[in-house]
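Worksheet: the structure to be examined is printed underneath.
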Amino acid sequence: MCCHDLHSHSTASDGALEPAQLIARAREAGVDVLALTDHDTLDGYAAAAYAAAGGPLRLVAGVEVSVTWNNITIHVLGLNVDPHCPVLLQGLDGLLAFRDWRAAEIARKLAAAGIGGALEGAAHYRRGRILSRTHFAHYLVEAGRAPSVRDVFKRYLVQGKPGYVRGEWASLETALGWILAAGGLPVIAHPARYRLTRGKLARLIGEFREAGGAGIEVVSGSHSLDETLHMAAVSREHGLLASAGSDYHGPHNPWVELGRLRDLPAGCTPVWAAPGWSLAA
Ligand code: AMP
Ligand code: MN
Ligand code: MN
Ligand code: MN
């Protein structure tokens, strides 16, 4: 049985490790198949593919697309995408433009709350084109505004807090259009994290399937055992393929490690059993 970890981040978005370092760590952790799924970018893929060449680890080209659905932010993974697909790349560039606009807004709001220099401060932590709330969080910790990244989010960066700016990401249909154009398999990331009611989750899945969605992340570094079992039942009930990924962001989150994942619960059909998967991966 080989170990699949189909959700991870590098410095191309808000991860701590360079793509090549991520591949090295995944090998050490015994991962057989790793998907690099940076937020809204494929910029890390080439370096990761170079590092993975020669095996034995197999690299899956992926992306974690930010989506606005019903006024909330949902993350949709595209697995096994063509990393050169112009439709996908142009779509993601649009999200980058929103990120840059949002970053300036966040900084403006923080300045109004008495915290200056946040745009430059956050940019100092960015290693690629993506400017994420995580980068703001690092700056705010450095500036002594909160003891940890987690606390920064709670105090400054979530809804109702001084540095919050509403997401205006891709619609579900648009994001799935990009992923499908790139030949990828769309997967709803960490579904338990959105705290949706049963009815709302069913609605999300209905619209996701209608737009060509195929899978749901059942095993996730951010799911408890109960949440995993619940999402396993949801995947079976709705006939969705089941995915597994750590959502690794780096060694600073010691509770999430590459490849350290529960097995998929019984009765789930893994995404890697999908027709065409092994040809692509
Ligand atoms: P963004 O896509 O720029 O809005 O940033 C979202 C990222 O921030 C997520 O992918 C997480 O890595 C991180 N994040 C979100 N909420 C939290 C939280 N409460 N604590 C720590 N990191 C968080
Ligand atoms: Mn992240
Ligand atoms: Mn996510
Ligand atoms: Mn992620």
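Every read-out reported here was derived from the displayed coordinates using simple, explicitly stated rules and does not represent laboratory data. Remember, predicted model here, so these are calculated numbers, not experimental data. Cβ placement follows ideal geometry from the backbone for every residue including glycine, while neighbour counts extend to all protein chains displayed.
Centre-to-centre separation between the Cα atoms of segment 61-133 and those of segment 136-182: 8 Å. Going from the residue with the fewest nearby Cβ atoms within 10 Å to the one with the most, 237, 173, 217 rank 237, 173, 217.
With the charge dipole of segment 91-155 set up from +1 on Lys and Arg Cβ and -1 on Asp and Glu Cβ about the Cα centre, the Cα lying farthest toward the positive end among the listed residues 115, 130, 152 is that of 152. Taking a ≥ b ≥ c as the square roots of the Cα gyration tensor eigenvalues, with a/c under 1.5 meaning rounded and otherwise prolate when a/b beats b/c, else oblate, which class fits segment 78-127? Verdict is prolate for segment 78-127. Look at the Cα gyration tensor of segment 227-281: its axes a ≥ b ≥ c give a/c of at least 1.5 with a/b at or below b/c, and that counts as oblate.
For segment 115-171, rounded, prolate or oblate, judged on the Cα gyration tensor with a ≥ b ≥ c (square roots of eigenvalues), a/c < 1.5 rounded, else prolate if a/b > b/c?
Since a/c reaches 1.5 but b/c is at least a/b, the shape of segment 115-171 is classed as oblate.
Evaluated at q = 0.13, 0.14, 0.17, 0.19 Å⁻¹, a Debye calculation over the C-alpha positions of segment 1-139 (equal weights, vacuum) places log10 I(q)/I(0) at -0.60, -0.68, -0.93, -1.08. The simple spin-label model puts a point 7 Å past each Cα toward its Cβ; for residue 154 and residue 263 those points are separated by 3.6 nm.
Taking the Cα centre of the chain as reference, the dipole from Cβ charges on Lys and Arg (+1) and Asp and Glu (-1) amounts to some 800 debye. Calculate the FRET efficiency for residue 202 and residue 96 from the Cβ-Cβ distance with a Förster distance of 51 Å, rounded to the nearest 0.05. According to the calculation, E is roughly 0.95. In this Cβ point-charge picture (+1 for Lys and Arg, -1 for Asp and Glu), segment 45-168 has a dipole of about 420 debye about its Cα centre.
Compactness ratio for the chain: Cα radius of gyration over 2.2 N^0.38 Å (N = residue count) comes to 0.96. For residue 161, a cut-off of 13 angstrom between C-alpha atoms picks up these aspartates and glutamates, skipping any fewer than 8 places away in its own chain: 151. Paramagnetic label reach from residue 32 (point 7 Å along Cα→Cβ; backbone nitrogen cut-off under 15 Å): within segment 243-259, residues 244, 259. The angle between the Cα long axis of helix 225-238 and the main principal axis of the chain comes to about 60°, on a 0 to 90 degree scale. Modelled spin-label separation between residue 71 and residue 173, with each label point placed 7 Å from Cα along the Cα-to-Cβ direction: 2.1 nm.
Taking the beta-carbon count within 10 Å as an exposure proxy, list 277, 101, 178 from fewest neighbours to most. Write out the running numbers ahead of the final one.
Values: 277 17, 101 12, 178 25.
The most exposed by this proxy come first: 101, 277, 178.
Quick check for me: using +1 on Lys/Arg Cβ and -1 on Asp/Glu Cβ, what's the dipole size of segment 215-274 about its Cα centre, in debye to the nearest 20? Mind dumping the intermediate values first?
Values: 3 positive and 7 negative charges, 24 e Å.
Magnitude of the dipole: close to 120 debye.
Average 1/r across all pairs of distinct alpha carbons in segment 9-65, invert it, and you get the Kirkwood radius: 10.8 Å. Output the 0 to 90 degree angle, nearest 10, between the alpha-carbon long axis of helix 19-28 and the longest principal axis computed from the alpha carbons of the chain. It works out to around 50 degrees.
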